[in-house]
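The values are calculated or read from the model by the stated rules, or taken from the named source; none is laboratory data. Please read these numbers as outputs of a predicted model, since none were measured by experiment. With ideal geometry, Cβ positions are generated from the backbone for all residues, glycine too; neighbour counts draw on all protein chains shown. Calculation scope for accessible area: heavy atoms of the full protein, side chains included, ligands and nucleic acids excluded. Shrake-Rupley method; radii C 1.70, N 1.55, O 1.52, S 1.80 Å.
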Amino acid sequence: MIARQLITALRLAAVVLVVTGFVGWTTGNRVAFSLESPFTIAFLAGVGCAIVSIYLGVFLANRGD
């Protein structure tokens, strides 16, 4: 049960961070790729959350607990 709540939270965080990072990048100064930009960091964190939630969803959610 806790794994499913964690997966849901990670999916929500991924969507929020990716959208925030992308919208911030498009409305900002549009530097191609700069780790100094908080929008780039938010976008990459969102992608990381998405990858982790996919991993947990595939390997841990259906383990029969």
*Hits in segment 24-65 (condition: at pLDDT 75 or above and not in a helix (DSSP H, G or I))*: G28, S34, L35, E36, S37, L60
*Of the residues that sit in segment 35-53 and are touching a residue at least 12 places away in the same chain (Cβ under 8 Å) and more than 10 Å from the chain's Cα centre (by Cα), which one is farthest from A13 (Cα to Cα)?*
S37
*Output the residue which, of all residues in segment 14-34 that are farther than 27 Å from L56 by Cα and open to solvent by 90 Å² or more (accessible area, probe 1.4 Å), is farthest from the chain's Cα centre (by Cα).*
N29
